[in-house]
Every structure is written in C-alpha cells, then in structure tokens.
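What follows is one structure encoded as structure tokens, with my remarks underneath.
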Amino acid sequence: MKLIFQELNNPYPGFGTEIELRLYKLLTIIATVLSFFVIIPFNLLQRIPVQVDIAVAVFGTASFLLYLLAVRSRIYQAGFFLIILALLNSVWFYNAGSTGSVPYYFFMAIIYLVFFFRGWKRLILMSITLANVILLMAIELLHPDLLVPFASNNDRMADQITGVMTAAIGAYAVLWVIVSTYDREHEQCKKLNDSLTEVLDISIQKTAELEQSLAEIKTLQGLLPICACCKKIRDDYGLWTRVEEYISSHTEAEFTHGLCPDCFNLEMERFEAFKKGARNYDVGK
C-alpha cells in the first residue's frame, strides 16, 4: 500500500509538466484562501454545525502546508486529492448531505484527478471517488436520520451559493492556467516558426545565389583543336587564337607571363648566338 501511495504521489522533480506544477501550487493556495476567508465566514453566518468549520480549517491548514512544500519542490498531488476526499466525507452528513453544497466539491475533485493523473492511477482514483459518492448516498438513503438539516431555507440557499462560487473559482483557476499556458506556448511556437521561416528564406536566397554563381562559372570541356606547331587554338568561329587569349575568354582565369628554366636557357642560347652573330657581322664589315 505504501508503494502504491508513493507511486501515486510521484514527487517533484519527476512531477509532470510545468502547467501541472503551476496549477498544483495555484489550487493549494486557493484552497487555503477559500477555506479561511470564504467558506468558514459564510458557514458562521449560516449557523452550520461547528464540526464543518473544524474540518474546513484542518483542510485549509493542510492545503497551506502542501503549498509550502510545493514551493520547496515537494509535490504530493495524490496526498492533496485524498485530503479533499477526507474533507468531503467528514462534512457530508453535517452539511445536509446531497441537498447541501458538498456534491459541487466532488465535481472539482473529479476535475482535479482527471488533470493530474494518467493511466491506471486515474482509473483507480476515479473508481474510488465514484464508489465513495455512491456509498455516501446509500448511507443517506438508508439512514436519513444521520443528516443534519439546514436551520432555514435561507441557510440552504447561502450554502448552495457558497458551493457554486467555490466550485466556479476552482474551475476558473484550472481553465485559466490551461489557457494561459497554451497561449504562451503558442506564442513561443509562432516566434520559433517565424525564425525558422526567416532562416529558410535566407537559405533559399543563398542557394539561388550559389546556383547563379555556378551557372556563371565558365568551364572548358570536350576536344579542343590546337595547332601542333604554334599551339594556337581554333575557337568557335574558326579563328586561330593564342592559348592565353582562348582560355581567358572562356574561363575566369588570368595570365601573367614568365620563363620556365628550359625556355630561359633556350632564350639565353639564342641571345648569345645573336650577340656572336652581331660581332661577326661587325668584324666582316
């Protein structure tokens, strides 16, 4: 039984999502405020049995302690749920049973367990809650003398108003947390989507620029007719041009001229031969 209770509680940091944590804290503090500043004062005006006020005060104190634990990262969602059931059972007969406001709080308990529990945990707690309500109504039907009726119709009406108002505040808190969290996450998703769209647009633009650049790059391929003697190349118009000129016009390459060692030696030999021939010419002259 202890292991089951520990599994149901599943304490923080393994506790659910951010929205569940926010809602748990909000509900525990709302339960505290409503217990001491709404339910008990209204009960005093209605002449409700003091046992109800004592039970509500104990519940409010327990809720506040659970809130303090939640602030310190200790979450007991199953514990809070069982405390709610204990309160409703303890005040059922002192608060006129099914004719009072207690049934409204059972609806809130069901909303709580549907939101905070999953799978077999939800199934077990839902079964316990429904069996609990059926048992209370069966006892009320078999032993109506156990009920403590309202002193007047006005007290009954005031109690109904208190129950409706408290249940409405609890339902509003649940929906407010859900909707506000959804809106915030939706806005974050929208900003992320806009950022991704911008990145995608930039990527598409860069890809287009790259494709355009690649298309503009001039390349040489296939067979090139070249003179075996002077090494000129015949272009697309049938004209013979120097290799440098042809490559420059068909690619992005540019040329600077120099002499390799072999050509340098050859040119020096020619130069020396030229100088020698010039001297011979002068002597003969």
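We did not get these values from a lab; they are worked out from the coordinates using the rules stated. Since the model is a prediction, treat every value here as computed from it, not as a measurement. Note that each Cβ is placed from the backbone with ideal geometry, even for glycine, and that neighbours are counted across all protein chains shown.
Can you give the FRET efficiency to the nearest 0.05 for L123 and A151, using r as the Cβ-Cβ distance and R₀ = 51 Å?
Given R0 = 51 Å and the Cβ-Cβ separation, E is 0.80.
How many angstrom lie between the Cα centre of the stretch 70-98 and the Cα centre of the stretch 131-170?
16
Report the gain in length on full extension from H186 to A253: 0.36 nm times residue separation, minus Cα-Cα distance, nm rounded to one decimal.
Computed gain between H186 and A253 is 18.7 nm.
Taking the beta-carbon count within 10 Å as an exposure proxy, list T207, T99, T256 from fewest neighbours to most.
T256, T207, T99
To one decimal place, what orientation-averaged projected area in nm² is obtained for the convex hull of the Cα set of the chain?
34.4
Just from its helices, what would the mean residue ellipticity at 222 nm be for the chain, if runs of 4 or more DSSP H residues each count -39500 (n - 2.57) and the sum is divided by every residue, rounded to the nearest 500 deg cm²/dmol?
-24500 deg cm²/dmol
Which ordering of L200, L82, L88 is given by a fewest-first count of other beta-carbon atoms within 10 Å?
With the sparsest Cβ surroundings first, the list reads L200, L82, L88.
Compute the length gained on full extension between R242 and A171: take 0.36 nm times their separation in residues and subtract their Cα-Cα distance, giving the result in nm to one decimal.
Between R242 and A171, full extension yields an extra 16.6 nm.
List the DSSP H helices in the chain whose Cα atoms stretch 27 Å or more along the helix axis and whose mean Kyte-Doolittle hydropathy is at least -1.0.
Passing helices, by number: 50-71, 119-142, 153-216, 261-284.
Taking the Cβ of each residue in H257, H143 as the centre, tally the other Cβ atoms inside 10 Å and list the residues starting with the fewest.
The fewest-first ordering by Cβ neighbours comes to H257, H143.
Mind ordering 128-139, 28-39, 153-164 by average Cβ neighbours within 10 Å, highest first?
28-39, 153-164, 128-139
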